[in-house]
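Please read the structure below before turning to the comments.
Readers should treat all values here as calculations from the given coordinates under stated rules, not as data from a laboratory. Note that this is a predicted model, so its numbers are computed, not measured. Note: ideal-geometry Cβ built from the backbone for every residue, glycine included; neighbour counts use all protein chains shown.
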Amino acid sequence: MSATAAGMTRRGLLKSVGSVGAALVISFEVPRQVKGEPAKPVINPVKAWIKIEQNGTVTLAYNKSEMGQGISTALPMILAEELALDWKDVQVEHAMLDREHLGQGTGGSGSVAGSCTPMRKAGAAAREMLVTAAAQRWDVSPESCSVRGGAVWHGTDKLSYGELVESASQLPVPDFEKVRLKKPEEFQIIGKPMPRKDIPSKTDGSATFGLDVRVPGMVYAVVARCPVFGGTAKSFDATKAKAMKGVLDVFQIEADNGVHSTGGVAVVAETTYIAMQARKQLQIDWDYGPHASESSETLRRQFRRLVDSQMKVVLNQGDADAAISGAPAEKRIECDYELGFQAHATMEPMNCTVHIQADRAEAWAPTQAPEWTAEMIGKVSGLPPEKIAVHTTYMGGGFGRRYQADFALEAAQVAKRVGKPVQLVWSREDDMTHDFYRPASYHRVSGAVDKDGNIVAWRHKSTSTSIAQYWGDKAPPESSELGSSVQNPYLPKNYKLEYLPADSGVPRAWWRSVEASQIGFVMESFMDELAHAAGADPYEFRIAKLGDGRKVKNGTDPKGTPLDTARFKGVLQLAAEKSGWGKPLPSGRGRGIAAHFSFDSYVANVVEVSVSNGTVRVERVTSAVDIGTAVNPEGVRAQVESAIIYGLTAALKSEITIENGRAVESNFNRFATLAMKETPQIDVHIVPSTLEPTGIGEPALPPTAPALMSAIFAVTGKRIRRLPLKRGDLA
Amino acid sequence: MAISFEVNGQAKSVDVDPQTPLLWVLRDTLNLTGTKYGCGIAACGACTVHIDGEPARSCVFPVASVAGKKVTTIEGLANGHRHPVQEAWIAEQAVQCGYCQSGQIMTAVAFLKKNPAPTAADVDEAMSNNICRCGTAQRMRAAVLRAAEAMRGKGSANAAGGGQ
């Protein structure tokens, strides 16, 4: 049955109910929460759906992209809770991009955090309509009815939702702000570990990822891109390529500075393999552009020059310079930290399938940003938004890479010319050498402790290949780079942050946990150094600095969520307790601890390592997380495990290095990842909470590398201040 | 010239460049998209299929060399049922994005045929050449051990947490 929206009103939340005879369809908009303010239905509203059919089938739509984080389970769980459904009876489906209702963008660990309360209200509104319909049928008061298992009950009388759909859909939608939400102690679904809806199809090959889209008449395309960042094709000779059987067309596509697509020479063929083979036959004369001499080494020299120089003061509390120079030498430390570029290396390389016709366009995109995808297709095709349909497919990993629109734009450019459905495929090499990398950065941190172990000064000078600068943001370059260093939970007496951006042609953007992956490493590594300088246990040293329930404000953004030191302390205590912190370990083994606040969530990790003959083995990681209400604890645990492994890989194995203006590592033979035999046991502990949920896709990553390197220090006495660990660092 | 072989019990004949890797024949010609492209250099294992029962990385395996052989892909693993390894994967909730999992499961099935009673260390060794960027190794390790036990008839792979 098709649904038609009717009676759009603005009453707290925009909503509409479709009376369609055989189904109750409730549409509503989920506002994105503005930091520091209660949810207001103004920014990036999105639309979600509850569909209950007469035959009892319940379909709950999820509006966010499923990239492995389990959102296709977590969001419907929230609706199912207030609707009092049996989870096993619930079907889920991805909502098509709805042009009128934006906000399908999936990132920043924000999906559950931003959607939970609005979705609960919507579920509760639907429940109240069903209860009212049943009460009217029985001629009893709604208050005397109850709900469970997808039915309304009055004593032993029962009406299933399917039986009530027709009459319920005639009723007015209750005011979302006045519906009764369940109390946490009434929860039957939220907070219970639920099996994911998407897993079975991902074990038998039937799940459709972007590359699995097959449309009648489709062809395949690859693009030859300049190997040097920022370079372009001056001219090309496609004679050999065009002579190959199965090659359909070869043409140039333009770069686009708005999405930082590189442009290049597109090859269209009957199959992916033919397109890839034909691309090898192209003769292209490249203009390498202005960055052809950049390398990791030149960047490193630039970084050092910058931190040696006068930098921009971003935050200045007290007089850190004087406190450091006034401290006795033995209580004064200065450390340089360095982090290299990282690729996302999603298992499924970038791709997008697009069909542009004269009067309409359709796209099948593995994207974290369906709106941006649609915008690109509109830009290339000239079609109005209502003529563009975007299907978001499952995606083989995202980690932030798929929040970009470069691949969608390329697919649209090719599709526009070809006129047939085109699947644009990136090879692994394309993907790894034309990523938007996690920035490289360099940090010089100085500080001092007094004889009582108080942190009297902390000065953090840093530079990086700024994301904000690369994307031409109005905000200053440091706005994307400093993370929660602007709200240091340990409250040093004198605290100073300084920054300057470095020049680089290397594309960069959001990689899992973004700047927290660097700032977390630097802050928590330095805390370990300070603890050592103070002669204190690193865990006790932190606890002593945190006080009880202080709220540490964001030093540069008044709207930023304050850091609650009680919750920060809580995760440290839980991780310490569960890991057996302080208990003796066999020789050659050691532990490190670190905690970090990011995406409004609190995570502490204890990493236990063994080191022998300069080889590190991560034995065990104990993680404690405080994310408010954990909607699906099973999903939360999986995300914590995932972020820790991603963080360990970036600390121990993988790196993108730059030579001659290009990425050196182009495939998994050079970009190593943590193998199963190197994978530690990971135990995840969730702080019980009824607070509003915050995100968990990313926050377990930042405290991983510092805990690891502190553990290595505990065993070897060697500080690793440059990530990733290099061969020979522990020799 | 057409190349003939068997895929999931069905006779197939394809007319493609004989050097075409089996992966692309499966995906683009035979429309069996469960087998994934991850690296193209046999480094990640996402494209693992069975050729005459042996695991093989189809991204570097020219289709000409499977002429007359039997290929099994993830779609043909259990003929509409669930293989105990698939059951175990669901029971352990081993999957995140899922892209590498066809290859992981095909690797695990082939391994358990050779070693029906593995230790955790055996599993680690056998599975360490397959990459998973979501970091599901801990759960996959448990799933392989669970499947091994189920296949030896000592328990059920379909325990709590499984199913839809």
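Translational diffusion of the stretch B:84-151 was estimated from the Stokes-Einstein equation, with Rh taken as the Kirkwood radius over Cα pairs; at 37 °C and 0.692 mPa s the coefficient is 286 µm²/s. Each Lys and Arg adds +1 at its Cβ and each Asp and Glu adds -1 at its Cβ; summed about the Cα centre, the protein assembly as shown shows a dipole of about 800 debye.
Within the straight-line cut-off of under 18 Å between alpha carbons, the aspartates and glutamates reachable from A:Lys178 are A:Glu29, A:Glu81, A:Glu82, A:Glu128, A:Glu143, sequence neighbours fewer than 8 places apart in one chain being disregarded.
Taking the number of Cβ atoms within 10 Å of each Cβ as an exposure proxy, the fewest-first ranking of A:Ile50, A:Ile720 is A:Ile720, A:Ile50. Identify which of B:Ala110, B:Ala121, B:Ala143 has the largest mean-square fluctuation in a Gaussian network model of chain B, with springs joining Cα atoms closer than 10 Å. Among B:Ala110, B:Ala121, B:Ala143, the largest GNM mean-square fluctuation belongs to B:Ala121.
Go through A:Lys653/A:Lys677; A:Lys242/B:Lys36; A:Lys121/A:Lys192 and tell me which ones have a Cα-Cα distance over 23 Å in this structure.
Over 23 Å apart, Cα to Cα: A:Lys242/B:Lys36.
Could you name the lysines whose alpha carbon sits less than 24 Å from that of A:Lys245, not counting residues in the same chain fewer than 8 places away? Once the sequence-local lysines are set aside, what remains near A:Lys245 is A:Lys280, A:Lys416, A:Lys420, B:Lys12. Rounded to the nearest 5, the antiparallel percentage of DSSP beta bridges internal to the protein assembly as shown is 80%. Centroid-to-centroid, using Cα positions, the stretch A:274-319 and the stretch A:524-588 are 35 Å apart. Among A:Lys192, A:Lys178, the order by Cβ neighbours within 10 angstrom, fewest to most, reads A:Lys178, A:Lys192. Estimated purely from DSSP H runs of n ≥ 4, each contributing -39500 (n - 2.57), the mean residue ellipticity at 222 nm for chain A is -8500 deg cm²/dmol once divided by its residues. Summed over qualifying helices (DSSP H, 4 residues or more, each -39500 (n - 2.57)) and divided by its residue number, chain B shows a 222 nm mean residue ellipticity of -8500 deg cm²/dmol. Between A:Ala475 and A:Ser295, the modelled label-to-label distance comes to 3.5 nm, taking each label 7 Å out from Cα in the direction of the beta carbon. Among A:Val603, A:Val422, sorting on how many other beta-carbon atoms sit within 10 Å of each Cβ, with the fewest leading, yields A:Val422, A:Val603.
Cα-based values for chain A, radius of gyration first and Dmax second, are 27.2, 83 Å. Would you list, by chain and number, the aspartates and glutamates whose Cα falls below 19 Å from the Cα of B:Lys69, excluding same-chain residues fewer than 8 positions away? Leaving aside aspartates and glutamates fewer than 8 places away in the same chain, those within reach of B:Lys69 are B:Glu6, B:Asp15, B:Asp17, B:Asp52, B:Glu54.
Looking at the stretch A:388-474, which trypsin sites (Lys or Arg not before Pro) are in a loop (DSSP not H, G, I, E or B) and have at most 12 other Cβ atoms within 10 Å?
A:Lys451, A:Lys474
Between A:Leu181 and A:Thr156, the modelled label-to-label distance comes to 3.7 nm, taking each label 7 Å out from Cα in the direction of the beta carbon.
The stretch B:58-102 and the stretch A:337-362 have Cα centres lying 25 Å from one another. If the chain linking A:Asn669 and A:Asp729 were pulled fully straight, counting 0.36 nm for each residue of separation and taking away their Cα-Cα distance, it would gain 19.5 nm.
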